[in-house]
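Here is the structure we will look at, set down as structure tokens.
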Amino acid sequence: MIVLVAWVTHRDEIAAQRALVISTVSIAFMLVFSPMMGGIVLEAPMYQAMLWPPAMVALGLVLTFALPDQGWNRWQGAVGIIAIALVFIAGHLTPNLNLAAGWLLAAVCIAVFLFASYKRTIGALLGLALVLSGAQLLQNSRGPIGLYYLSPYNYAFNANPINDKLQAAVTTQEWLLANTTREDTILDWVQGDWVGGDRELYVVAAMQLWGENRVTLEPTLSDVDVQRLELIKPTALALYGQTMDGVMAFWSSIPAANRPTAPNCIDFTWPNTQIPQGLACLTKLSWGN
């Protein structure tokens with residue numbers, strides 16, 4: 001809306017034209033891309049977050065109408081610092097706004113920005129700060145949605161476990177590679193009810209998870225899973241468990257004819273209060289002629 005109004009009022013400005021093109025193409029791409037992606041609901045916040053860079057570029061182009069070409073004075077610099085502080089403060093708040101309040105906040109922010117921008121530098125900076133702060137408040141008010149929940153939005157302002165999780169995943173996969181060869185065919189199993197939302201340890205297996213690598217989503221092998229094993233004939237299974245009991249329950253469901261070796265396991269620290277530690281195990285399978 002901001003870009004559209006700016007284009008209508010400054011149609012001859014190259015910045016307004018480019019802002020409109022960037023915004024329109026970004027929105028049009030997502031309208032086409034979203035329906036084409038199967039299972040996109042799981043990662044909806046991640047794809048929505050990808051819209052922010054072009055939105056910020058377009059907003060910056062609009063802001064150039066109000067900012068002078070010459071350098072800033074100290075008052076304008078002070079307002080800029082205050083504007084940045086407001087955005088950071090908003091990033092740490094969780095107001096839990098309902099839909100009606102969210103629409104009202106969005107409308108007020110847009111109106112103030114459009115009005116303030118014509119008051120030159122200080123008004124434009126304060127208007128921009130209000131828009132960005134309001135947007136962050138709206139995002140922080142959202143409930144859990146998809147696999148990533150609110151992480152792309154509020155992790156910019158809050159400590160998060162992503163680095164620790166990725167490091168655990170890398171270390172685990174390095175161990176897996178060190179204990180297998182390129183001739184091995186590996187399928188994996190992760191303890192956790194995927195359908196029910198228990199997907200915590202899938203992050204550890206994510207580097208080899210997707211495609212047809214999962215042997216099953218269930219706690220143990222079914223007859224259909226066993227048939228798939230016989231079709232693929234993997235030489236090893238990588239098991240990612242929350243507990244050793246869970247790993248052994250799955251291991252016990254492997255057909256005895258495949259002579260599964262006892263699980264060779266390592267444990268890893270996991271930054272989650274419900275699952276403070278996980279297990280990565282390998283079991284080798286044998287196949288007759």
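The values are calculated or read from the model by the stated rules, or taken from the named source; none is laboratory data. Here the structure is a predicted model, which means the values were calculated and not measured. Virtual Cβ from ideal backbone geometry, glycine too; neighbours counted across all protein chains shown.
Below is a table of values for the structure above.
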quantity: Counted residues, the stretch 172-198 - those being free of Cβ contacts under 8 Å to residues at least 60 places away in the same chain and either on the phi > 0 side of the Ramachandran plot or not acidic (D, E) (or both); calculated: 15
quantity: Residue list for the stretch 185-200, filter: surrounded by 15 or more Cβ atoms within 10 Å (Cβ to Cβ) and either at pLDDT 90 or above or acidic (D, E) (or both); calculated: I186, L187, D188, W189, V190, Q191, D198, E200
quantity: Leading residue by the ranking (farthest from R228 (Cα to Cα)) among those in the stretch 161-181 that are part of a loop (DSSP other than H, G, I, E, B) and modelled with pLDDT of 90 or more; calculated: N179
quantity: Odd one out for L93, checked against (1) at pLDDT 75 or above; (2) in a helix (DSSP H, G or I); calculated: (2)
quantity: Filter result for A238 (crowded, with 17+ Cβ neighbours inside 10 Å and among the hydrophobic types (A, V, I, L, M, F, W, C)); calculated: yes
quantity: The listed residue being surrounded by 13 or more Cβ atoms within 10 Å (Cβ to Cβ) and either aromatic (F, W, Y) or at pLDDT 80 or above (or both), out of L42, L67, L61; calculated: L61
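Here is a yes/no grid of residues against (1) in contact (Cβ under 8 Å) with a residue 40 or more places away in the chain; (2) farther than 20 Å from Q173 by Cβ; (3) not basic (K, R):
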| residue | (1), (2), (3) |
| --- | --- |
| E200 | yes, no, yes |
| A206 | no, no, yes |
| N213 | no, no, yes |
| T220 | no, yes, yes |
| A262 | no, yes, yes |
| D267 | no, no, yes |
| W270 | yes, no, yes |
